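**Q** Have a look at this one.
What follows draws every value from the coordinates through simple rules; no lab data is involved. This one's a predicted model, so the numbers in the text were calculated from it and none came from an experiment. Because the Cβ atoms are built from the backbone with ideal geometry, glycine has one as well, and the counts that use them run over all protein chains shown.
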Amino acid sequence: MLFFNKGRRSSKLEKKQSLKTVVMTALAASALIFSTVSASAAGSYKLTTVYHVYHNQEYIGTVSDKELVENIVEEKEEMFKESTKDLNVKFGSDIDYIKEQVFNSTANDKETIQNLEGAIQLQAEASSIIIDGNPVVFLENQEIAEDVINRLKLNYVTQAQLDEVEARKAAPTAELPPLKENETRILDVRASKEVSFDLEKVTPDRIMSADEAVTFLQKGTLEEKKYVAQEGDVLGTIANNHGLTLVDFLALNPGLTEDSVVNIGQEVNVTVLKPYLEIIVDKEVNQKEEIPFANETVDDAAMPKGETTVKQEGKNGERSVNYRISIQNGTTVSSIVTSESILVQPVNHIVVKGTKVIPSRGSGNLAWPTSGGYISSKQGYRWGKSHKGIDIARPSNLTIKAADNGKVVSAGWDGGYGNKVVIDHQNGLRTVYAHLASISVSVGQTVSQGSALGVMGSTGNSTGVHLHFEVYKNGALQNPLSYLK
């Protein structure tokens, strides 16, 4: 129903009676004054008719012709019919006239028409969607308002799922059957805030269509804000300058990724979304999941240190687990395990590790072969040829130490290596120590990790005092940095 704003709250009958009393009193006074004028004098004057105009019992002004007011009312009626043709509402007006004859006209047509146009305010009875106590959008009727909320929910669930939830709410005592394997069940679809509906009187321009209401509740606005890329713009800067995170910015612009390059003049969406309402979907999920096996290590004092063997291969277990998950506007906000059952117990992976120390056998973990120092040259191509090891220079003292337990298999001069020591660690590894100034071990000698092999020097093809250190595994050259601890 469409109607004019009535202004005051007292009854229309009382106001009209009061209005008539005032006018009749005024007219009676005029008649008394007029009667005192002589007949000859009265004949020399011409009386003028004016109309005092009242809208909703409020005085608007005085006009010389009622038709001026009636034309305005007709014009307003046509305008409102055109603007509200889809709302199925009715036009109504409450205009009163008090006719008076006066010697001198008191009419002010222009001012009265302006006052009347400002006073006439069309209002429609609409259904409002109230969020946390505040009316946010207005629809033609409650059926449309309820459909708007329903459409918001259908962005995240199907109509069948929504119908199932509503049917379950209608019979809350019904017990839900256990979930089947990998089954998902929607428990509830609800708004993130309290939603209610009510009737409100508003101007027709505030009544939205269902599509507009859905967009407004989702985004907080009906108009998207655009930005035209300038020289030097990058995605992160554009997003930051408009109060957006890069993730939110990319969500607004589906064709862009983090690696996209924006072109000068390219238009992008920079609307800051402030949803009035979000939809929460509560669901129950059953999942069949693997239970990772645990790794277990068992020491064996009879096995040489550095050796290992697998006693038992690990096997993953399996469990059936139920989760209660809440998803708000498509993003998971909570996931809670409500129950679980073990289907297959996992089997530990058991490794036996040797702890027996054999002086001539290394553990496989190589110690730094000098007292400090730094790597002056890494392994790789250098000066047009392969550099097989690493060079260590400037230690705190010049003692060269065995990187691990083992037996000396070479100790002496070796051309470009100068004085060189080679240790076989009896576990597939061999280490080489070159350019020594002097050697303090001999071939066949058993050495322990950290024991002295000689003194750092610059013998052979060397540009300065340093240790050249190489590592081999089963005869194959290795990168020493992969073994040094």
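**Q** Treating the beta-carbon of each Lys and Arg as +1 and of each Asp and Glu as -1, no other charges, what is the dipole magnitude of the chain about its Cα centre, to the nearest 20 debye?
**A** Details: 50 positive and 61 negative charges, 623 e Å.
Dipole about the Cα centre, nearest 20: 3000 debye.
**Q** Using a 10 angstrom Cβ neighbour count of at most 14 plus a DSSP loop assignment to flag exposed GluC sites (Glu not before Pro), which longest range of the chain is free of such sites? Working shown, then result.
**A** On the way: sites that count: GLU175, GLU181, GLU183, GLU194, GLU223, GLU224, GLU231, GLU258, GLU313.
Counting only loop sites that pass the neighbour cut-off, the longest clear stretch is 1-174.
**Q** Could you let me know the centre-to-centre spacing of the stretch 420-480 and the stretch 148-189, using Cα atoms, in angstrom?
**A** So the two Cα centres are separated by 73 Å.
**Q** Oh, and also: Can you tell me how much longer the chain between ASN108 and GLU166 gets when fully stretched, taken as 0.36 nm per residue apart minus their C-alpha distance, in nm with one decimal?
**A** Numbers: separation 58, 0.36 × 58 = 20.88 nm, distance 6.31 nm.
Value of the extension gain: 14.6 nm.
**Q** What's the extension gain from TYR59 to SER360 if we count 0.36 nm per residue and subtract their Cα-Cα distance? Display every interim value, and only then the final one.
**A** Values: separation 301, 0.36 × 301 = 108.36 nm, distance 11.71 nm.
Residue separation times 0.36 nm, minus the Cα-Cα distance, leaves 96.7 nm.
**Q** Separation between the GLU146 and THR338 pseudo-spin-labels, each 7 Å from Cα along Cα→Cβ, expressed in nm?
**A** 2.8
**Q** When the chain is fully extended, how far beyond the present Cα-Cα distance does VAL228 get from VAL272, taking 0.36 nm per residue of separation?
**A** Values: separation 44, 0.36 × 44 = 15.84 nm, distance 1.59 nm.
Difference between extended and current length: 14.2 nm.
**Q** Expressed in whole Å with the largest first, what are the equivalent ellipsoid semi-axes of the stretch 279-356 derived from the C-alpha gyration tensor as the square root of 5 times each eigenvalue? It would help to have the intermediate numbers written out before the result.
**A** Values: eigenvalues 367, 35, 11 Å².
Taking √(5λ) for each eigenvalue gives 43, 13, 7 Å, largest first.
**Q** Give me the distance in nm between label points sitting 7 Å out from Cα along the Cα-to-Cβ direction at THR309 and ILE264, one decimal.
**A** 7.4
**Q** Amide H of PHE293 versus every other amide H placed in the peptide plane: which residues, excluding those fewer than 5 positions away on the same chain, fall under 5 Å?
**A** ASN316, GLY317
**Q** Tell me which aspartates and glutamates have Cα within less than 17 Å of LYS401's Cα, excluding those fewer than 8 residues away on the same chain?
**A** Qualifying aspartates and glutamates at Cα under 17 Å: ASP391, ASP424, GLU470.
**Q** Per DSSP helix of 4 or more residues, -39500 (n - 2.57); summed, then divided by the residues of the chain. What does that give at 222 nm, rounded to the nearest 500?
**A** -6500 deg cm²/dmol
**Q** Given all pairs of different Cα atoms, what value in angstroms does the Kirkwood hydrodynamic radius of the chain take?
**A** Numbers: mean 1/r = 0.0293 Å⁻¹.
Here the Kirkwood hydrodynamic radius works out to 34.1 Å.
**Q** Continuing with the same structure: Measure out, as a whole number of angstrom, how far apart the alpha-carbon centroids of the stretch 274-332 and the stretch 128-142 sit.
**A** Cα centres, the stretch 274-332 to the stretch 128-142: 46 Å.
**Q** Say each of ASN474 and ASN348 gets a label point 7 Å from the Cα, pointing the same way as Cα to Cβ; how far apart are those two points in nm?
**A** Placing both labels 7 Å along Cα→Cβ, they lie 3.0 nm apart.
**Q** Here's another thing I want to ask about it. Can you work out the Karplus-derived ³J(HN,Hα) for every residue in the stretch 386-395? Use 6.51 cos²θ - 1.76 cosθ + 1.60 with θ = phi - 60°, whole Hz, and x for glycine or proline.
**A** 6, 9, 6, x, 10, 10, 10, 10, 6, x
**Q** Here is a follow-up. How would LEU343, LEU139 line up from fewest to most surrounding beta-carbon atoms within 10 angstrom? Kindly include the intermediate steps, with their values, before the conclusion.
**A** Details: LEU343 13, LEU139 22.
The fewest-first ordering by Cβ neighbours comes to LEU343, LEU139.
**Q** Okay, next question. In the chain, with Lys and Arg counted as +1 and Asp and Glu as -1 at Cβ, which of these residues, ILE130, THR338, ALA160, has the Cα nearest the positive end of the dipole, that is, farthest along it?
**A** The residue sitting most towards the positive pole is THR338.
**Q** Hey, can you grab everything whose amide H is under 5 Å from the amide H of ILE400? Only 5+ residues off in sequence or another chain; H modelled, so Pro and N-termini drop out.
**A** Amide H neighbours of ILE400: LEU453, GLY454, VAL455, MET456.
**Q** Hey, with R₀ at 56 Å, roughly what FRET efficiency would GLU289 and ASN241 work out to, going by the Cβ-Cβ distance, to 0.05? Please report the intermediate quantities before stating the final value.
**A** Values: r = 44 Å, r/R0 = 0.79.
In this case the efficiency is close to 0.80.
**Q** Projected area of the stretch 374-482, taken from the Cα convex hull and averaged over every viewing direction, in nm²? Mind showing how you got there, number by number?
**A** Numbers: hull surface 25.4 nm².
That works out to 6.4 nm².
**Q** Continuing with this model, one more query. What is the chain's relative contact order, in percent, from Cα pairs under 8 angstrom and six or more apart in sequence? Don't skip to the end; give the middle numbers.
**A** Details: 976 pairs, mean separation 45.0, N = 485.
Value for the chain: 9 percent.
**Q** Moving on. Show which aspartates and glutamates lie in cross-link reach of LYS169 when reach means a straight Cα distance below 15 angstrom and same-chain residues fewer than eight apart are skipped.
**A** Counting by Cα, and skipping residues close in sequence, LYS169 has these aspartates and glutamates nearby: ASP188, ASP282.
**Q** Gap in Å between the Cα centre of the stretch 345-404 and the Cα centre of the stretch 99-120?
**A** 107
**Q** Still on this structure: Work out the count of Lys pairs in the stretch 296-394 where the Cα-Cα distance is under 21 Å, with the pair 8 or more places apart or on different chains. All intermediate terms of the calculation are to be shown ahead of the outcome.
**A** Numbers: LYS305/LYS353; LYS305/LYS356; LYS311/LYS353; LYS311/LYS356; LYS315/LYS353; LYS378/LYS388.
Lysine pairs meeting both conditions in the stretch 296-394 amount to 6.
**Q** Report, ordered by chain and residue number, the aspartates and glutamates lying within cross-link reach of LYS201, taken as a straight Cα distance under 15 Å and ignoring same-chain residues fewer than 8 apart.
**A** Here the aspartates and glutamates satisfying the reach criterion relative to LYS201 are GLU125, GLU140.
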